[in-house]
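Take a look at the structure set out below.
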Amino acid sequence: MRKFVFVLLLLVACVSVVACGGGTNNAPSNTSGGGGGGGGMDQSTPEGLIALMTAALANVDADKASSYFVEEDRAAMKANFTKAKDSGIVSIQAKFTNLKVTGDEATADMELPGKDKEGKEKMAGPSKQVKMVKKDGKWWSKK
């Protein structure tokens, strides 16, 4: 069952990335930001980074989700994701909108609605603007 859910989430993320490819870099989207060229599930584009983070957050995988942050922010972000999981959240349906890319920096608005074991909605964190930066050819999230 777990494998099925992972494959399903991966499929949804991939479809979202493909569906939003092309266009301007500020188009709203659920898992990618409609960037020039699409992006896949890797860190070569902001859209790819968003897809990876969305997949990691879906399972509240603190290790994986925090690994997409710049090194100096990883420990703090892992603690935040672990706190969300410890509070009973079992899934987070991260929503990213309004992606804006300027050179090697990008921002997107993020909401973190989550669900507990009973399927009740529970916010995993406050809505906020996510900052991203390109370093050594890869995109990373910043606090």
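The values are calculated or read from the model by the stated rules, or taken from the named source; none is laboratory data. Everything quoted here is computed from the prediction, not taken from an experiment. All Cβ positions, even for glycine, are placed from backbone atoms using ideal geometry, and neighbour counts span all protein chains on display.
Quick notes on this one:
- Qualifying residue in region 4-11 (condition: surrounded by 17 or more Cβ atoms within 10 Å (Cβ to Cβ), aromatic (Phe, Trp, Tyr) and modelled with pLDDT under 95): no
- Residue in region 87-98 that is within 24 Å of residue 137 (Cβ to Cβ) and at pLDDT below 90 present: no
- Residue check for residue 82: more than 21 Å from residue 139 (Cα to Cα), modelled with pLDDT of 90 or more and not charged (D, E, K, R): yes
- Residue, surrounded by the fewest Cβ atoms within 10 Å (Cβ to Cβ), within region 117-136, restricted to residues that are under 19 Å from the mean Cα position of the chain (by Cα), farther than 19 Å from residue 74 by Cα and not hydroxyl-bearing (Ser, Thr, Tyr): 121
To keep it simple, each residue is scored yes or no on (1) hydrophobic (A, V, I, L, M, F, W, C); (2) surrounded by 16 or more Cβ atoms within 10 Å (Cβ to Cβ); (3) closer than 14 Å to residue 47 by Cα.
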site: 71; (1), (2), (3): no, no, no
site: 76; (1), (2), (3): yes, no, no
site: 107; (1), (2), (3): no, yes, yes
site: 114; (1), (2), (3): no, yes, no
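- Scanning region 50-95 for residues that are in contact with a Ser or Thr (Cβ under 7 Å, 6 or more places away or on another chain), of a type in the set (Ser, Thr, Tyr) and without any contact (Cβ under 8 Å) to a residue 60 or more places away in the chain gives a single hit, 54.
- Residue identified as in a helix (DSSP H, G or I) and of a type in the set (Lys, Arg) among 100, 64: 64
- Summed over region 121-143, the residues that are touching a residue at least 40 places away in the same chain (Cβ under 8 Å) and assigned to a loop (DSSP other than H, G, I, E, B) give a count of 2.
- If you go through region 96-120 and keep only what is in contact (Cβ under 8 Å) with a residue 60 or more places away in the chain and of a type in the set (Ser, Thr, Tyr), you end up with just 97.
- Residue in region 113-123 that is of a type outside the set (Lys, Arg) and under 19 Å from residue 49 (Cβ atoms) present: no
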